[in-house]
Amino acid sequence: MRLVFAGTPEVAVPALDALLASGRHEVAAVVTRPDAQAGRGRRLIASPVAERAMEAGIEVLKPNRPRDEDFLARLREIAPDCCPVVAYGALLPRVALDVPAHGWVNLHFSLLPAWRGAAPVQHSVLAGDEITGASTFLIEEGLDSGPVYGTVTEQIRPTDTSGDLLTRLAFAGAGLLAATMDGIEDGSLKAVPQPAEGVTLAPKINVEDAHVDWSAPALRVDRLVRACTPAPGAWTVFRGERLKLIHVAPVPERTDLAPGRLSVGKNDVFVGTGSYAVELLWVQAQGKKPMRAADWARGARIGEGEGLGG
């Protein structure tokens, strides 16, 4: 088939690579978000998908909005048979959805209908799911509600961060998306409507959502930290400033600390929660680089009775 691939962040690059390597389909163009400001100089930087497409010599389309008429006109000129999508980052209007004969097929990082929305991996970690996966589905105008072509499953490990899990799903999902294109082309694959039961939503997790509540149980604190790593980053307050929490570990045998109360040893730092303590392993103080929590505590010279959370 003749394809136009839509995607923006690094997590979408493995799927583009899989389609380029398949040899069975032609990736005629890539659609991605416009260049964004980044770094201290706030220079305009092309998206990872745009960079990869340019390396491969593929035309790159960067519409401000997918309903822009010049973009739609070019899309019609290219005349794709199908448009595979991975984390493009903009809503597609009906006028765009109608261009390819086989529609736009999205790779979503959950087992639909679970975790529809912008942050499926973060919510699966936060909820304590043991299994997740990726799904390919035909995009409709509803939120991730279209019929499903195929799925792959992935176990969530006890120490997985969202970043760890998303990396594995990006590569497993790349193979699934390529296989989905093959099945659509030869007619062996038909999309199946999602069941009405089991729908859960995964809205974007913002910075306020990542604020740790030390009165919550230790497992909840651990899941929040892992779900928010690498972004937006779980955090708490220490001496009136934000302290980012990068890695913690539940310690069931420590039940002597009140929620938020710190206990500092020679090489370890514990903090109380609503159940038992967690050990702080890696943190990042405001304006500093990430460091081992024990090194941070020595530098901060934490006094008796000090705590986290304001």
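The values are calculated or read from the model by the stated rules, or taken from the named source; none is laboratory data. Nothing here was measured: the structure is a model prediction, and the numbers come from that model. Cβ atoms come from the backbone with ideal geometry, glycine included; neighbour counts cover every protein chain shown. Heads up: the accessible areas ignore ligands, DNA and RNA and are worked out on the full protein's heavy atoms, side chains in. Shrake-Rupley method; radii C 1.70, N 1.55, O 1.52, S 1.80 Å.
Taking 0.36 nm per residue of separation and subtracting the Cα-Cα distance, full extension of the segment from ARG239 to THR151 would add 27.0 nm. Remark: the ARG301-VAL192 segment gains 33.3 nm on full extension, using 0.36 nm per residue and subtracting the alpha carbon distance. By the Cα gyration tensor, region 167-260 has an equivalent ellipsoid whose semi-axes, rounded to whole angstrom, run 41, 15, 14 from largest to smallest.
Comparing ASP17, ASP70, ASP164 in a Gaussian network model of the chain where C-alpha atoms under 10 Å apart are linked, the largest mean-square fluctuation is found at ASP70. Taking the Cα centre of the chain as origin and assigning +1 to Lys and Arg Cβ atoms and -1 to Asp and Glu Cβ atoms, the resulting dipole is close to 1100 debye. The calculated FRET efficiency for ARG43 paired with HIS102, based on their beta-carbon distance and R0 = 51 Å, is about 0.85. How large a share of the accessible area of region 73-231, in percent, is made up of carbon and sulfur atoms when the probe is 1.4 Å and the other protein chains stay in place? Its accessible area is 56 percent carbon and sulfur atoms. When the solvent-accessible area of region 271-310 is split by element, carbon and sulfur atoms take up 46 percent of it, the probe being 1.4 Å. Rounded to the nearest 10 degrees, the angle from helix 162-186 to the longest Cα principal axis of the chain is 10 degrees. Let me see the P(r) profile for region 48-90: every Cα-Cα distance counted, bins of 5 Å, each bin given as a percent of all pairs. P(r) for region 48-90, in whole percents per bin: 5, 17, 25, 34, 18, 1. In summary, no lysines lie within cross-link reach of LYS62, defined as a Cα separation below 17 angstrom excluding same-chain residues under 8 places away.
Sorting MET181, MET291, MET1, MET54 on solvent-accessible area from highest to lowest, probe radius 1.4 Å, gives MET54, MET291, MET1, MET181. Label sites at ALA127 and VAL199, each approximated as a point 7 angstrom past Cα along Cα to Cβ, lie 1.4 nm apart. Only one residue of ALA29, LEU44, PRO14 has its Cα farthest out toward the positive end of the dipole of region 1-51, where Lys and Arg carry +1 and Asp and Glu -1 on Cβ, and that residue is LEU44.
In this structure the chain gives 48 Å² per residue of accessible area when probed at 1.4 Å with all protein chains present. The magnitude of the dipole of region 211-268, with charges of +1 and -1 set on the Cβ of Lys/Arg and Asp/Glu and taken from the Cα centre, is near 140 debye. Rounded to the nearest 10 degrees, the inclination of helix 218-227 to the longest alpha-carbon principal axis of the chain is 40 degrees. Accessible area per residue was computed with a 1.4 Å probe on protein heavy atoms; ARG76 scores about 110 Å². Think of each Lys and Arg Cβ as +1 and each Asp and Glu Cβ as -1; about the Cα centre, that makes the dipole of region 151-310 roughly 660 debye.
The residues packed around PRO100, meaning those with a beta-carbon under 12 Å from its beta-carbon, carry a net charge of 0 if Lys and Arg are +1 and Asp and Glu are -1.
Angle between the Cα long axis of helix 13-22 and the longest principal axis of the chain, 0 to 90 degrees, nearest 10? The answer is roughly 40 degrees.
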